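Enquirer: One structure follows; several queries about it will come next.
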Amino acid sequence: EDLRERVRALGGADVVYDPVGGELFHAAMRACRPEARLVVIGFASGEVPRIPANHLLVKNLDVIGFYWGGYMAFRPEAVRQSLSTLFEWYAQGRLAPHISHRLPLARAGEGLELLRSRSSTGKVVIEIPGV
């Protein structure tokens with residue numbers, strides 16, 4: 001399914017959180033409505049996209065980067081508060097992370113390879129007996 005066409009058929013995106021980069025970044029940018037905000041949070045695809053400034057101008061788009069690690073240096077309390085809220089939401093069942101693989105501890109190497117090769121489509125969970 002074409003991301004751009006599917007999102008545009010729904011009216012376009014007002015906000016995009018992009019952890020992937022690469023071609024999906026470009027598809028997401030093209031799917032944005034005018035005055036949308038695109039937040040870059042990672043490059044799981046391994047490709048850092050080049051951003052065409054003319055697209056930003058024509059659609060009045062905002063593209064911003066967000067790196068948690070940077071906040072630890074200049075706003076550590078914001079990180080603590082955000083993580084506290086996330087854990088609270090998770091405990092309440094308001095968040096459901098996508099887990100693509102559950103592996104026993106004996107297969108932890110396989111789990112690391114899934115991450116290294118970018119073959120997982122979600123979280124890789126290593127299950128430790130008794131924990």
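Any read-out appearing in this document is the output of simple, stated calculations on the displayed coordinates, not a laboratory observation. Worth saying up front: this structure is predicted, and the values here are computed from it rather than measured. Here the Cβ positions follow ideal geometry from the backbone for every residue, glycine too, while neighbour counts run over all protein chains shown.
Enquirer: Run through region 33-131 and list the trypsin sites (Lys or Arg not before Pro) located in a DSSP loop whose Cβ has at most 15 other Cβ atoms within 10 Å.
Expert: Those that pass, being in a loop and sparsely packed, are Arg50, Arg94, Arg118.
Enquirer: Once you charge only the Cβ atoms, +1 for Lys and Arg and -1 for Asp and Glu, what is the size of the charge dipole of the chain about its Cα centre, to the nearest 20 debye?
Expert: Roughly 60 debye, rounded to the nearest 20.
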